[in-house]
Amino acid sequence: MLMAALATEFGPAPDSARVEIVRAPGRVNLLGDHTDYNEGFVLPAAIELDTWIAFRRREDGLVRVASRHSREPGSFWIDDLGPDREGGNGSRVAATDPGATERRPGHWSDYVAGTAWSLRESALPIRGFDGIVDSTIPIGSGLSSSAALEIASALALLSGGHILAARSLAALAQRAERDYVGVNCGIMDQFASAAGREDRALLLDCRSLDTRYVSLPYGVRVVVCDTGEKRELRSSVYNTRRAECARAVALLVERMPGLCSLRDLEAVWLARHRALLPGNVARRAEHVVSENARVLATASALEAGDLDELGRLFAESHASLRDLYEVSSPALDTMVEVARAIPGVVAARMTGAGFGGCTVNLVLADAVPALKAVVSREYDRRTGLKGRVYPVAIVDGAGPVPTT
């Protein structure tokens, strides 16, 4: 299907052109939200909702991309790319090519262009391509559709069979989103998409990038519940949260020399020096400190199969994100309440950056049909939204897809 769409969009392939396909998964974060950019711990998993790119390599530096979910293709010359610190991009439109189309500010192809810019700035061998993008990751759901597009784009751009380690691939994709697209993100999403492992969550130290793979208890499924409320993480709100965390460090460092980030702050020291912090700043710091501890405890509870402890930790995380970090929403809160009332739902909480999007649930396999039915009936009635339930398999990270 993708190969046929590629031929329809860009014409028949020359005899020498080979069609290649790459894929990169989305991710769900089991626990550890807003800790990644504070150099803390996270526990994501790559999921079977994927982004694919079918492409033909070019001999020049032109990239032309079209999406099966957008009517607006985009194109750019790799050598013309440059970041715009105001949050857009500074590339010239590839108007000299008859197949080129204008790439407007905020266009979805900025993520492809930003990845090309990041790879080029690192002096990696890359080539242009004509490509068709397809994805099953719901846009705006908080399941990292942008990170998956960046990782898949990097795989398509790298030429000559050049292979990067997942750690390097993730760092380059993060740079694309941060410095080119203008979203000051942490590295969790890109790392999970690049380094995921089948049936394992990924315990990631966002400072050292050390990793440990964690198994889930037997018979427990990961279920994503999409609230139907499009995630509206406005950059101003997100950047405000980051600035509040940075302010906490700046105010505490005089009393705690060597404090580099909230990762270094222990609960006892926060309690001792809390009076130095404005109320909202103290609440942000309290969330990060407690969430880091919960991530480590959740990894241990997963390995021990302690379902009661998992339920408690997920509930604490949701309350902390709602009350201390203030990034939940009525729809997210309702989805969590509905899920927790169902026998067999082990744990439920909001996941991702917040302000809409999805919840993540650990559910006994036999209870998945009941969760679907109750969300469809009770959640939709209470919110007026259309909730969706996705039982998801945990899969390997990004890579090429065999075409024969």
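Residues in the range 320-342 that are in contact with a strand residue (DSSP E or B) (Cβ under 9 Å, 6 or more places away or on another chain) and either within 24 Å of Leu270 (Cβ to Cβ) or hydrophobic (A, V, I, L, M, F, W, C) (or both): Leu321, Arg322, Val327, Ser328, Leu332, Met335, Val336, Val338, Ala339, Ile342.
With of a type in the set (Asp, Glu), closer than 19 Å to Pro391 by Cα and surrounded by fewer than 19 Cβ atoms within 10 Å (Cβ to Cβ) as the only criterion, which of Asp306, Asp366 stands out?
On the way: Asp306 fails: closer than 19 Å to Pro391 by Cα.
Within the list Asp306, Asp366, the selection yields Asp366.
Considering the range 138-155, and only residues there that are assigned to a loop (DSSP other than H, G, I, E, B) and either acidic (Asp, Glu) or surrounded by fewer than 24 Cβ atoms within 10 Å (Cβ to Cβ) (or both), the residue that is modelled with the lowest pLDDT turns out to be Gly140. Of all residues in the range 361-383, those that are without any contact (Cβ under 8 Å) to a residue 24 or more places away in the chain have Cβ atoms under 7 Å from Cβ atoms of residues that are surrounded by fewer than 18 Cβ atoms within 10 Å (Cβ to Cβ) and not small (Gly, Ala, Ser), 6 or more apart or on another chain, in Asp380/Lys386. Residue pairs whose Cβ atoms lie under 7 Å apart, sitting 6 or more positions apart in sequence or on different chains, and linking a residue in the range 53-73 that is over 18 Å from Arg120 (Cβ atoms) to a partner that is among the acidic types (Asp, Glu) and in a loop (DSSP other than H, G, I, E, B), do not occur here.
Mind listing whichever residues of the range 128-137 are assigned to a loop (DSSP other than H, G, I, E, B) and surrounded by 18 or more Cβ atoms within 10 Å (Cβ to Cβ)? Let's see the steps before the verdict.
In the first step, residues of the range 128-137 are kept if they are assigned to a loop (DSSP other than H, G, I, E, B); the result is 128, 136-137.
If the condition is that a residue be assigned to a loop (DSSP other than H, G, I, E, B) and surrounded by 18 or more Cβ atoms within 10 Å (Cβ to Cβ), then Gly128, Ile137 are the ones that fit.
Among the residues of the range 314-363, those identified as of a type in the set (Phe, Trp, Tyr) and either in contact with a Cys (Cβ under 9 Å, 6 or more places away or on another chain) or farther than 22 Å from Lys386 by Cα (or both) are Phe314, Tyr325. Of everything listed in (1) surrounded by 14 or more Cβ atoms within 10 Å (Cβ to Cβ); (2) over 30 Å from Gly384 (Cα atoms); (3) within 22 Å of the chain's Cα centre (by Cα); (4) of a type in the set (Lys, Arg), the single unmet condition for Arg274 is (3). For the range 344-357, the set of residues classified as closer than 20 Å to Arg382 by Cα and modelled with pLDDT of 95 or more consists of Val345, Ala348, Arg349, Met350, listed by residue number. Of the residues contained in the range 198-214, none is found to be among the charged types (D, E, K, R) and within 30 Å of Leu62 (Cβ to Cβ).
When the range 111-157 is filtered for residues that are in contact with an Asp or Glu (Cβ under 9 Å, 6 or more places away or on another chain) and hydroxyl-bearing (Ser, Thr, Tyr), the ones remaining, listed by number, are Tyr111, Thr115, Ser118, Ser135, Thr136, Ser141, Ser144, Ser146. Taking the listed residues Gly88, Gly32, the one that is closer than 30 Å to Thr240 by Cα and either loosely packed, with under 14 Cβ neighbours inside 10 Å or at pLDDT 95 or above (or both) is Gly32, with no other qualifying. Checked against (1) modelled with pLDDT under 80; (2) under 20 Å from the mean Cα position of the chain (by Cα), Val112 passes all but a single condition, namely (1).
The residue of the range 340-352 that is nearest to Leu216 (Cα to Cα), among those that are surrounded by 24 or more Cβ atoms within 10 Å (Cβ to Cβ), out of contact with any His (no Cβ under 7 Å at 6 or more places or on another chain) and not β-branched (Val, Ile, Thr), is Ala347.
Mind telling me which of the residues Glu286, Glu337 ends up being without any contact (Cβ under 8 Å) to a residue 12 or more places away in the chain and acidic (Asp, Glu)?
On the way: Glu286 fails: without any contact (Cβ under 8 Å) to a residue 12 or more places away in the chain.
Glu337 is the lone residue from the list that is without any contact (Cβ under 8 Å) to a residue 12 or more places away in the chain and acidic (Asp, Glu).
Taking the range 291-302 as the range and being in contact with a Leu (Cβ under 8 Å, 6 or more places away or on another chain) and small (Gly, Ala, Ser) as the test, the residues that pass are Ala297, Ala299, Ala301. When we screen Val222, Val253, Val237, Val249 for residues that are of a type in the set (A, V, I, L, M) and either at pLDDT below 95 or touching a Lys or Arg at 6+ places or on another chain (Cβ under 6 Å) (or both), the only hit is Val237.
The values are calculated or read from the model by the stated rules, or taken from the named source; none is laboratory data. If you're wondering where the values come from, they're calculated on a predicted model, not measured in any experiment. Positions of Cβ are generated from backbone atoms using ideal geometry, with glycine treated the same way; all protein chains shown enter the neighbour counts.
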